1. Tell me the relative contact order for chain B as a rounded percent, counting alpha carbon contacts under 8 Å between residues six or more apart.
2. I want to verify the translational diffusion coefficient of the protein assembly as shown in µm²/s; compute it with Stokes-Einstein, Rh as the Kirkwood radius over Cα pairs, at 4 °C and 1.567 mPa s.
3. From other protein chains only, count the Cβ atoms within 10 Å of every residue's Cβ in A:44-50, then give the mean.
4. Work out how much length A:Ile109 to A:Cys40 would gain on full extension: take 0.36 nm times their residue separation and subtract the Cα-Cα distance, in nm to one decimal.
5. Work out, in µm²/s and without decimals, the Stokes-Einstein translational diffusion coefficient of region A:28-89 at 25 °C, 0.890 mPa s, Rh from Kirkwood over C-alpha pairs.
6. Under the Cβ-under-4.7 Å rule, which cysteines of the protein assembly as shown stay unpaired?
7. Which log10 I(q)/I(0) values does chain B give at q = 0.10, 0.12, 0.18 Å⁻¹ under the Debye formula, counting every alpha carbon as one identical point scatterer?
8. Please work out the FRET efficiency for the pair A:Lys79 and B:Thr117, using the Cβ-Cβ distance as r and a Förster radius of 35 Å; give the result to the nearest 0.05.
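Derivation of every value follows stated rules applied to the coordinates shown; laboratory data play no part. All figures in this text were calculated on a predicted structure; none of them were measured in a lab. Note that we place each Cβ from the backbone using ideal geometry, even for glycine, and neighbour counts take in every protein chain shown.
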Amino acid sequence: RKEVEQDPGPFNVPEGATVAFNCTYSNSASQSFFWYRQDCRKEPKLLMSVYSSGNEDGRFTAQLNRASQYISLLIRDSKLSDSATYLCVVGRNTGNQFYFGTGTSLTVIP
Amino acid sequence: DTAVSQTPKYLVTQMGNDKSIKCEQNLGHDTMYWYKQDSKKFLKIMFSYNNKELIINETVPNRFSPKSPDKAHLNLHINSLELGDSAVYFCASSQDRMGTGRPYEQYFGPGTRLTVT
């Protein structure tokens, strides 16, 4: 079983739409959770960390459900510039190990 | 200022050659990493390294070896390159929280696109 699983999409949504991505992780010992964004032919960049109580950053909201080992990312009022691949990342302290999902592709259409 | 830098950005070479990719970070981080992103865009960790411990992903062939002259640098040396080594290689760094807390987020370099012909 993969450490981190994501729906690869693609998600094609109109500008202004709300879109949600989900991610599950297999190891209950995981301690840190992140969403990264990767543009075409670029490096991954941190979008936001995910905290147990859930957190929001502008149009982006992240949720964590430890019992279900499930992470989500909600994007409201989608912009053209949100088009990218969104990577779910799970970290464990042992060996500073990070596990990346395969990414979910989002295209926001005018 | 570039936080994590890699050179070269592009590398085209023939099978059987030996090559190195350099990585430097100016963030003062303790831990550095090498990742391989294949044609299917899956990002897979190859190594994580700090001045205390090198952790090798067991699936990485021993033709790949990380070399760290100091805390700010982690180079990747590849012997006897094969066609299947063609990929984008990303260097990353993070604070070291081993044994003391949650891992911090990682910062990535711009990547090195390696093509083996």
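1. It rounds to 37 percent for chain B.
2. For these conditions, the coefficient is 71 µm²/s.
3. 3
4. 23.2 nm
5. Rounded to a whole number, D works out at 199 µm²/s.
6. Cysteines of the protein assembly as shown left without a disulfide-compatible partner: A:Cys40.
7. -0.28, -0.40, -0.89
8. Taking R0 as 35 Å, the efficiency between A:Lys79 and B:Thr117 is 0.30.
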